1. For the pairs 31/146; 146/363; 31/124; 187/311; 129/326; 99/146, flag any whose C-alpha to C-alpha distance is greater than 32 Å.
2. Of 54, 29, how do they rank once you tally other Cβ atoms within 10 Å and put the fewest first?
3. Quick one: helix 357-368 against the long Cα principal axis of the chain, what's the angle to the nearest 10°, folded into 0 to 90?
4. If you take every residue apart from residue 272 with its C-beta less than 12 Å away from the C-beta of residue 272, what net charge results, scoring Lys and Arg +1 and Asp and Glu -1?
5. How far is helix 302-312 tilted off the main Cα axis of the chain, in degrees rounded to 10, range 0 to 90?
6. Name the shape class, rounded, prolate or oblate, that the alpha-carbon gyration tensor gives for the stretch 35-190, where a ≥ b ≥ c are the square roots of its eigenvalues, rounded holds for a/c under 1.5, and otherwise prolate holds if a/b is larger than b/c and oblate otherwise.
7. Let me see the P(r) profile for the stretch 124-226: every Cα-Cα distance counted, bins of 10 Å, each bin given as a percent of all pairs.
8. So how tilted is helix 270-286 from the main axis of the chain? Cα-based, degrees 0 to 90, rounded to 10.
Amino acid sequence: MKTIFFLGLALIPLAGFSQAGSFTIDGKVNKKYNGRFIKIFYDNGETKLADSVVINKGAFTLKGHVDAPTVGKLSMGTTESGDRADVFLSEGVIRVNAKDSIHYAAIAGTVLAESHEKLASKLKPADDKIYNGLNTFRNMPEGEEKKAYLTKVMSGFDSYSTFKRETIHQFAKENPTSYVSLYYLDKNAPGSLLNYETTYPYYALLSPELKATPLGKQMEARLMAVKGALTGQDYKDFSSTTPDGKTLTLKEVIAKNKFTLIDFWASWCGPCRKENPNVVKAYDAFKDQGFTVLSVSLDDDGDKWKAAIEKDGMPWYHVSSLKGWKEPAAVLYGIRAIPQNVLVDGNGKVLATNLRAETLYNKVQELVK
């Protein structure tokens, strides 16, 4: 009996990560909505599901089943329009109390629904600003005014993405046992957006129980796949030509510095030009502490290459063979997309790859301390 009792205690932490379960949403809304349909939309693995019910006497009940905890969209319209709110679905009863608007409803009941509300309350204002702007854009008539409006909306997208990423990372740090942390770490970095250096430090903080879930195992596999085969290996030397026609080797640069970022880019590459200010920021902050950059351009036009260096204010080492994608240094490092980079220490050991934005800054700051 004692063995069974202690085994039961050991399994308690896993109960919150049950992968299958039935949920119930009990809602209360303003009676002015009586007779209207309210819907729940959610993905259950590979299947997209939806259910609806008529509001009666200012109340409604929706039921469903999930194979794993997930976010659902509770809406009086569609997933993209109408009065709606995100609800974290898992086994149990979720209570929704909307005095006026579903979007601002109080959501409670299950541990995961309440944990999700803590994160949602921080993300919602920024999310609303972007989504409302995009909805306004969709409804505008075609023309120059619409194009200008989209440019205005998208000008704030980088800062929005950074805020969202940092908010999710902080939440994961403060809530390492919540499935909500794992869920949002995974969803905020899908596919090609997943970066090992950016995400792994926060994934590593999660509890063993979370990492043992199917989603936890999938995310670890994705992280290991993008870690970069070069990390931990010795650098590969190369020589190329500087803007003034001289020959420069990577070995020469490494020998003079504690940390060298090998930065692969091109003047014609929009994402590269967008990332250049982040590299400049890191260089300016840590150049006096042994950090430098060797930029390798995949340009084939020397004038455009030199003009971009000048315009973007990149006062470090530059080389290019002006052979485009056939740049020998890029081929040597297996570069198939840009921007990409490789961070090497003074001994020529590869420390990290593909560092972007604040991740680059934070990594170099950590190293030079």
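Where a number appears in this text, it was derived from the coordinates with a stated rule and is not lab data. Values in this document were obtained by computation on a predicted structure and should not be read as measured data. Every residue, glycine as well, gets a Cβ built from its backbone with ideal geometry; the counts of neighbours run over all protein chains shown.
1. On the way: 31/146 38 Å; 146/363 40 Å; 31/124 26 Å; 187/311 36 Å; 129/326 43 Å; 99/146 35 Å.
Pairs exceeding 32 Å: 31/146; 146/363; 187/311; 129/326; 99/146.
2. Numbers: 54 11, 29 23.
In order of increasing Cβ crowding within 10 Å: 54, 29.
3. Roughly 60 degrees between the two axes.
4. Numbers: positive: 273, 274, 356; negative: 263, 275, 299, 312.
Once all neighbours under 12 Å are counted, the net charge is -1.
5. Here the helix axis deviates by roughly 60 degrees.
6. On the way: a/c = 1.96, a/b = 1.21, b/c = 1.62.
Oblate, because a/c is 1.5 or more while a/b does not exceed b/c.
7. 14, 38, 24, 17, 7, 0
8. It works out to around 70 degrees.
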